[in-house]
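Undergrad: Here it is, the structure, as C-alpha cells.
The values are calculated or read from the model by the stated rules, or taken from the named source; none is laboratory data. Just so we're clear, the structure is a prediction, and the values are computed from it rather than from any experiment. Using ideal geometry, Cβ is built from the backbone for each residue, glycine included, and neighbour counts are taken over all protein chains shown. Side chains included, ligands, DNA and RNA excluded: accessible areas come from the protein's heavy atoms. Shrake-Rupley method; radii C 1.70, N 1.55, O 1.52, S 1.80 Å.
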Amino acid sequence: MSTPAAQDLQTLLRVERLTTRFRTRGGDVTAVNELSFELAAGEILGLVGESGSGKSMTGYSLLDLVDPPGYIAGGSVRLRGRELRGLPAKDWQALRGDRIAMIFQDPMLTLNPVLRIDTQMVETVLAHRRLTRAEALHRAHAALVRVGIPAAGERLRSYPHQLSGGMRQRVAIAIALLNEPDLIIADEPTTALDVTIQAQILYEMQTLCREAGAGLIWITHDLSVVAGLADRVCVMYAGRIVEQGSTAQVLESPAHPYTRGLLDSTPAAALARGHRRGEALRPIPGAAPPLAALPAGCAFHPRCARADEQCLPPPPQAEPASGQRALCWHPLPPGAALSGPAASLEAP
Amino acid sequence: MTLFLLRRLLQTVNVLFIMSLLVFVGIYAVGNPLDMLVDPQATRADVARVAAALGLDQPVWVQYGRFLANALRGDLGNSFLHGTPALQLILQRLPATLELAVSALLIAVLLGIPLGLWAGLRPDSASGKTIMAGSILGFSLPTFWVGLMLIMVFSVYLGWLPSGGRGPTREVLGMHWSLLGAEGWRHVLLPALNLALFKLALVIRLTQSGTREALLQDYVRFARAKGLAPRRIVGVHVLKNIMIPVITVVGLEFGTLIAFSVVTESIFAWPGIGKLLLDSITLLDRPVVVAYLLLIVLIYTLISLVVDVLYAALDPRVRLAGGQAA
Amino acid sequence: MTGGVSHTDAAGGWRALARAYAGSPLALGGLALLLAIVLAALAAPWIAPQDPYDLARLDIMDSRLPPGSLSADGSLTYLLGTDGQGRDMLSAILYGLRISVAVGFAATLLALALGMSLGLAAGYAGGRTDALVMRAVDIQMSFPAILTAMILLALFGQGTDKIVIALVASQWAYYARTTRGAALVEGRREYIEAARLLGLSTPRILFRHLLPNCLPPLIVVAALQVAAAIALEATLSFLGLGLPVTEPSLGLLIANGFQYLYSGRYWMSVFPGVALLLTIVALNLVADRLREVLNPRLRPQ
C-alpha cells in the first residue's frame with residue numbers, strides 16, 4: 001500500500017470499514033457491515049444488490065442522513081482526503097448539496113408538492129453560495145437546460161405535479177448538479193421511470209459526470225443498468241460488499257457465487273455483453289436472509305451451491321485478479337460456470 | 001373560479017331557504033309565546049289584540065310566507081320582548097361574539113401550531129409527551145367547567161383578570177368594539193382562552209400528526225440532502241404542507257366556535273349573540289331565535305366557501321372547478 | 001361459511017380482546033375508575049352519608065361549610081363541604097353522578113339503536129334510502145351538537161325525557177355513518193352473499209349476520225359518545241336548559257355552586273366538576289384503548 005497522502009491525491013472518496021447499525025428491541029442489527037471501497041474523480045461506481053442488502057443505507061450513511069434508530073457505528077469516510085466521520089452537524093449541512101449531492105428513487109416524492117420548482121432550486125443555491133436571488137435563479141435555469149429540460153423558464157414557475165415523472169427526475173438531477181458537487185449519490189433514480197426515459201437519463205448522467213469530473217455512485221438492483229453505465233461495480237449482499245472490481249471483471253468473470261447467481265437471473269440480452277445469450281434464466285434458490293438473523297460465516301452459504309462446512313467461519317478476501325476482490329472461501333475460477341453440486345469438487 | 005363562486009352562492013341560498021322553513025315551522029309548531037308575553041290576568045280580547053298585532057293569529061304557512069317576504073327585504077321580524085327588529089338586535093351583539101371567537105381562534109392557532117410542531121419534532125421527549133397529554137386533557141375537559149376554574153384562579157384568587165364583561169367599547173363603523181383598548185384585551189383573555197381550549201387541543205393534534213408524517217416523506221430527506229438548514233426544512237417544507245389540513249379544519253371549526261360561544265358567554269357575562277340566544281330560548285322570543293339560526297347558517301356556508309378558496313390558494317394541486325362544489 | 005363464522009369467532013375474540021386491552025396499564029386504570037364510578041352511581045342511595053333531597057334532614061345552620069366540617073348536631077362530617085342549603089356535597093355528587101351517568105348511557109343506547117338501524121338500512125339497501133339517510137347525516141353533522149340540542153330543548157322544554165331526546169337527536173348521525181361504512185364493507189363479503197343465496201330473510205341477514213360484524217367500530221364510537229353525551233348534558237344543565245331542578249345532575253350542581261365561586265367557596269362547583277372530569281377521562285381512556293385494540297378489525301382487508 002502506498003502512503004495515504006499519495007493515494008488521496010487521485011482518490012476522490014475513500015470508504016473504510018463503514019458500519020451502520022439499527023437499534024431494535026432484539027439488539028442491534030447491522031445494515032451496513034464494514035464497507036470499504038474507493039472512487040476516483042470522474043469515475044462511476046455501480047453499487048448493486050437486492051432490496052434489503054443495505055445499498056440504500058450505504059448511500060444515506062455516506063451523507064450522514066441515517067435516521068434513528070439507525071446510527072453509524074464505525075469506519076471512515078474521506079472526501080479528497082478529509083475525514084467526514086464525526087463532523088459537526090453544521091459542517092455536514094454545508095457539505096450536503098454542495099460537495100456531495102444525492103438523488104432519490106421516486107421523483108414523485110422527492111420534490112415538495114406545495115413549493116414551486118424555482119423555490120426548491122434557488123434555496124439549494126442560496127444555502128451554499130452568497131448570491132442574489134436573481135443570480136441563483138439564473139443558475140437554476142442553466143441547470144435545467146443542462147439536463148435537457150425544454151422551456152426551462154416556464155418549468156421554473158411550475159409546481160411538481162404539473163410535470164411528468166421523467167421531467168421531475170430531471171429536475172431532481174438538476175438540483176443535485178446545481179452547486180457542481182464532487183460526488184453524486186444516485187439511489188435507483190430511474191427505477192420508477194419508463195425504459196426509454198431511463199436510457200436517456202442514464203446517458204445524460206454519464207455525460208454530465210464525465211464533463212464535470214464528478215464521482216458518481218449509482219445504487220441499483222439492476223445489473224443491466226450497471227453494465228452500460230459504470231466503470232467499476234460493488235456487489236452487496238446482507239450488508240457487505242461481497243465482490244468488487246471493474247465492470248468487465250465482475251460481469252464477465254465473476255468470482256463470487258452470488259454475483260454469478262445474479263448474472264444468471266438477469267436476462268442476458270439486457271447485459272449487452274453477448275455472452276450466454278439464449279440460455280434459460282436460473283434464479284438463485286431461497287431468499288435473502290433477514291438482517292436480524294444472518295447465517296454464521298458467509299451469509300450467502302445457505303443459498304450457495306459451492307458451500308461446505310468451511311463456509312461457517314467468516315470468509316477471507318480473495319483476489320482472483322488485480323483490482324478484483326471477492327469475499328468468499330471458494331471463489332469461482334475465471335470463466336467458470338456455476339453448475340450443479342460441484343462445490344465439493346472445488347474444495348481444497 | 002367565477003362559476004365555482006356562482007354555484008356556491010346558489011347552494012347557500014338553497015340551504016338558507018330550507019333551513020328557514022325547518023326552523024320556522026319547528027319553532028312555531030310548539031309552545032305559545034302569548035302565554036309568556038301577556039299578563040295572565042289579561043282579558044281574551046287583550047290576548048287576541050296582542051296576537052293580531054304580532055301576527056300570531058294567522059295559520060303557520062301564512063306566517064311563514066309573510067316572514068319569508070319580509071326576510072327577503074332584510075326584515076326578520078321584531079323581537080317579542082324588545083320590540084326592536086331581531087336582526088338589528090343580533091347585529092348589535094355580533095361584534096362582541098366575533099371579537100371573542102377571533103381571539104379564541106388566534107390563541108388556538110398561534111399557540112397550537114408551535115406546540116404541535118414541537119411535539120411532532122420530538123415525539124419521544126418529555127416535553128413532547130407532556131404537550132400531547134395536555135391536548136388529550138383539552139379534549140376531555142368540559143368547556144364550562146374550565147371556564148369556572150379560570151375565573152376561580154385568575155379572577156378570584158390571583159385577581160389578575162376580570163371575571164366577566166367586555167370592558168369599555170368604542171364605536172367604529174356604527175358598531176361597538178372593545179378590543180381597541182388595552183382594557184378590552186384584559187377582558188377578552190380569559191373567555192377567549194376558555195373558548196379556544198378545545199380547538200387548541202385539536203390544532204396541536206393535527207399539527208403533531210402532520211409533522212410526524214411529513215418528516216417521513218422523501219421530500220424532507222431530499223431537502224436535508226440539499227444541505228438546507230433545519231429551520232428552513234421545518235419552517236418552509238414541513239410547515240407549508242401541514243398548514244393545508246390545519247387551515248381547512250380550523251376554518252371549518254370557526255363556525256362551531258361561534259356556536260359554542262353560548263357557553264363561554266354565559267359564564268363570563270359576555271354580551272354577545274350566544275347570550276342573546278340563550279335568553280331568547282328561555283323566554284320563547286321566536287323571531288330572535290330564528291334570526292340567530294339563519295345568521296349561523298349563513299356564517300357557516302360563508303366560512304366553508306372561504307376555506308375552499310384558501311385551500312386552493314395553499315395547495316397548488318387543487319383547482320376550483322364548477323363541478324367540484326358539492 | 002355463514003353466520004357460524006362470526007359467532008364462533010366471537011367467543012375466542014372477546015378473550016383475545018380482553019388480553020390485548022390489558023396490555024396498557026393506563027387503560028386498565030381507566031377501566032377500573034369507570035367501573036368504580038358506575039358502581040358508586042348505582043349504589044348512591046346506600047353509600048351516600050345523607051339523602052340530599054330529603055329537605056327534612058337538611059339543616060340551614062350547616063350551609064356553606066368548607067370541606068371537613070362537622071355538622072351542627074355533630075352527627076356527620078362533611079368531607080366535601082356543604083352547599084347553600086346545608087346539603088352534604090359528597091351525597092349530592094353521588095346522586096348527581098347517578099343522574100348524569102343514567103342520562104348519558106340511556107341517550108347513548110337510544111342513539112345507538114336509532115343510528116345503527118338507519119345506517120344498516122342505508123348500507124344494505126343502498127340507492128335512494130342510502131342517499132336520504134346520508135343527506136340527513138351530513139346536515140346533522142355540519143351543525144354543532146350543542147346547537148341542535150339547544151334548539152330541541154327550546155322547542156320541547158325541559159325534562160329528563162326531553163334532554164334524552166335532544167342528546168339522541170344530536171348524536172345518532174355518528175352511529176349511522178359508522179354503521180353504514182362498516183355495512184358497506186361487510187356487505188360485499190362472501191358470507192353475506194352466501195346467506196342471501198341460502199334464501200335467509202333480510203332482517204335475519206341484517207341482524208344475525210351483518211350487524212355482529214359491524215360491531216367493533218360501533219363499540220369505539222359508543223364509548224366516545226357516552227363521554228360526549230355526559231359532557232353535553234352537563235353543559236346544557238349548567239346553562240339551565242337541561243334537567244329540571246328536581247333532577248340535579250352534576251351540571252346543575254356546578255351551576256348552583258357557580259355564584260359562590262366569587263366568594264372563594266370553591267368546593268360547591270369544583271368537586272362536582274372533578275367528578276364529571278373523572279367520569280369523562282375514564283371513558284376516554286377506555287375508548288382510546290378500545291380503538292387501538294380493535295383497530296386491526298376496523299380494517300378487515
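Undergrad: Of the conditions (1) in contact (Cβ under 8 Å) with a residue 60 or more places away in the chain; (2) of a type outside the set (S, T, Y); (3) in contact with an Asp or Glu (Cβ under 8 Å, 6 or more places away or on another chain), B:L228 fails just one. Which one is it?
TA: In the conditions (1) in contact (Cβ under 8 Å) with a residue 60 or more places away in the chain; (2) of a type outside the set (S, T, Y); (3) in contact with an Asp or Glu (Cβ under 8 Å, 6 or more places away or on another chain), B:L228 misses (1) alone.
Undergrad: Which one of these does B:Q92 not meet: (1) within 14 Å of chain C (Cβ to nearest Cβ); (2) surrounded by fewer than 18 Cβ atoms within 10 Å (Cβ to Cβ)?
TA: So B:Q92 meets the others, but not (1).
Undergrad: Ok, one more. Any idea which residue in the stretch B:64-74 is least open to solvent (accessible area, probe 1.4 Å), counting only those that are among the aliphatic types (A, V, I, L, M) and without any contact (Cβ under 8 Å) to a residue 40 or more places away in the chain?
TA: If we take residues in the stretch B:64-74 being among the aliphatic types (A, V, I, L, M) and without any contact (Cβ under 8 Å) to a residue 40 or more places away in the chain, then B:A69 is least open to solvent (accessible area, probe 1.4 Å).
Undergrad: Next up: Residues that are in contact with a His (Cβ under 6 Å, 6 or more places away or on another chain), at least 1 per element: which helices (runs of 4 or more DSSP H) completely within the stretch C:140-243 meet that?
TA: C:190-197
Undergrad: Picking from C:A173, C:A228, C:A223, C:A169, which residue would you name as being in contact with a helix residue (DSSP H, G or I) (Cβ under 9 Å, 6 or more places away or on another chain), within 14 Å of chain B (Cβ to nearest Cβ) and open to solvent by less than 20 Å² (accessible area, probe 1.4 Å)?
TA: Step by step, each of C:A173, C:A228, C:A223, C:A169 is checked, and only C:A223 is in contact with a helix residue (DSSP H, G or I) (Cβ under 9 Å, 6 or more places away or on another chain), within 14 Å of chain B (Cβ to nearest Cβ) and open to solvent by less than 20 Å² (accessible area, probe 1.4 Å).
Undergrad: Now for a separate question. Looking at (1) open to solvent by less than 60 Å² (accessible area, probe 1.4 Å); (2) within 23 Å of A:L109 (Cα to Cα); (3) touching a Gly at 6+ places or on another chain (Cβ under 9 Å), which is the one condition that is false for A:H128?
TA: Condition not satisfied by A:H128: (2).
Undergrad: Going residue by residue through the stretch A:148-157, is there one that turns out to be exposed (fewer than 14 other Cβ atoms within 10 Å of the Cβ), assigned to a loop (DSSP other than H, G, I, E, B) and among the small types (G, A, S)?
TA: yes
Undergrad: Quick one: in the stretch C:240-267, of everything that is under 21 Å from the mean Cα position of the chain (by Cα), without any contact (Cβ under 8 Å) to a residue 40 or more places away in the chain and facing chain B (nearest Cβ under 8 Å), which residue is nearest to B:G274 (Cα to Cα)?
TA: Per the criteria, the residue is C:G240.
Undergrad: Could we say that A:V145 is closer than 26 Å to A:Y203 by Cα, touching a helix residue (DSSP H, G or I) at 6+ places or on another chain (Cβ under 7 Å) and either more than 7 Å from every other protein chain (Cβ to nearest Cβ) or part of a loop (DSSP other than H, G, I, E, B) (or both) here?
TA: For A:V145, the condition - closer than 26 Å to A:Y203 by Cα, touching a helix residue (DSSP H, G or I) at 6+ places or on another chain (Cβ under 7 Å) and either more than 7 Å from every other protein chain (Cβ to nearest Cβ) or part of a loop (DSSP other than H, G, I, E, B) (or both) - is met.
Undergrad: Can you tell me which of B:E253, B:E265 is open to solvent by less than 10 Å² (accessible area, probe 1.4 Å), charged (D, E, K, R) and within 27 Å of C:S142 (Cα to Cα)?
TA: B:E265
Undergrad: Just give me the residues in the stretch A:7-31 being at pLDDT below 90 and under 15 Å from the mean Cα position of the chain (by Cα), in sequence order.
TA: Within the stretch A:7-31, A:A31 is the sole residue that qualifies.
Undergrad: From the residues in the stretch B:154-175 that are assigned to a helix (DSSP H, G or I) and at the interface with another protein chain (Cβ under 10 Å from one of its Cβ atoms), which one is least open to solvent (accessible area, probe 1.4 Å)?
TA: B:S155
Undergrad: Sticking with this structure for a sec: Could you tell me whether any residue of the stretch B:234-246 is within 17 Å of the chain's Cα centre (by Cα) and under 22 Å from B:F144 (Cβ atoms)?
TA: no
Undergrad: Which of the residues that make up the stretch C:231-266 are surrounded by fewer than 24 Cβ atoms within 10 Å (Cβ to Cβ) and charged (D, E, K, R)?
TA: C:E247, C:R265
Undergrad: Let me ask something additional. Restricting attention to the stretch C:128-146, and to residues there that are of a type in the set (G, A, S) and without any contact (Cβ under 8 Å) to a residue 60 or more places away in the chain, which single residue is nearest to the other protein chains (Cβ to nearest Cβ)?
TA: Across the stretch C:128-146, the extreme among qualifying residues is C:S142.
Undergrad: Can you tell me how many residues in the stretch B:254-291 are without any contact (Cβ under 8 Å) to a residue 60 or more places away in the chain and more than 9 Å from chain C (Cβ to nearest Cβ)?
TA: 1
Undergrad: Anything in the stretch B:217-251 that is at the interface with another protein chain (Cβ under 10 Å from one of its Cβ atoms) and small (G, A, S)? List them, or say none.
TA: B:A223, B:A225, B:G227, B:A229
Undergrad: Something else about it: Give the stretch B:127-144 a look and list any residue that's in a helix (DSSP H, G or I) and within 11 Å of chain C (Cβ to nearest Cβ), or say none.
TA: Once the filter is applied, which keeps residues that are in a helix (DSSP H, G or I) and within 11 Å of chain C (Cβ to nearest Cβ), the stretch B:127-144 yields B:A133, B:I136, B:L137, B:F139, B:S140, B:T143, B:F144.
Undergrad: I need every pair where a residue in the stretch A:227-247 that is closer than 17 Å to A:G215 by Cβ has its Cβ under 8 Å from the Cβ of a residue that is in a loop (DSSP other than H, G, I, E, B), sequence separation at least 6 or different chains.
TA: Cβ pairs passing all conditions: A:D231/A:E43; A:R232/A:E43; A:S246/A:D231; A:S246/A:G323; A:T247/A:A230; A:T247/A:D231.
Undergrad: Kindly indicate which of B:L137, B:L110, B:L115, B:L158 is closer than 22 Å to B:V263 by Cβ and of a type in the set (A, V, I, L, M).
TA: When all the criteria are applied, what remains is B:L137.
Undergrad: Then there's this: Return the only residue of B:A192, B:A214 being open to solvent by less than 40 Å² (accessible area, probe 1.4 Å), within 14 Å of chain A (Cβ to nearest Cβ) and either aliphatic (A, V, I, L, M) or at negative phi (or both).
TA: B:A214
Undergrad: Taking strands (runs of 3 or more DSSP E) that do not extend beyond the stretch A:193-259, which have at least 1 residues that are open to solvent by 10 Å² or more (accessible area, probe 1.4 Å)?
TA: Hits in the stretch A:193-259: A:232-237, A:240-246.
Undergrad: Picking from C:D62, C:D73, C:D54, which residue would you name as being of a type outside the set (A, V, I, L, M, F, W, C) and open to solvent by less than 30 Å² (accessible area, probe 1.4 Å)?
TA: Only one candidate passes the filter, namely C:D62.
Undergrad: Next question. Pairs only if they're at least six apart or on different chains, beta carbon under 8 angstrom, first in the stretch B:167-191 and under 23 Å from B:F260 (Cα atoms), second in a strand (DSSP E or B) and acidic (D, E); list them, first residue then second.
TA: Hits for this filter: B:W177/B:E171.
Undergrad: Suppose the filter is open to solvent by 10 Å² or more (accessible area, probe 1.4 Å), in contact with a Ser or Thr (Cβ under 7 Å, 6 or more places away or on another chain) and among the basic types (K, R); does B:R221 pass it?
TA: no
Undergrad: Six or more apart or on different chains, Cβ under 8 Å: which pairs go from a residue in the stretch B:75-95 that's of a type in the set (D, E, K, R) to one that's in a loop (DSSP other than H, G, I, E, B) and open to solvent by less than 50 Å² (accessible area, probe 1.4 Å)? Could you list them?
TA: Final answer for the pair search is B:R93/B:G272.
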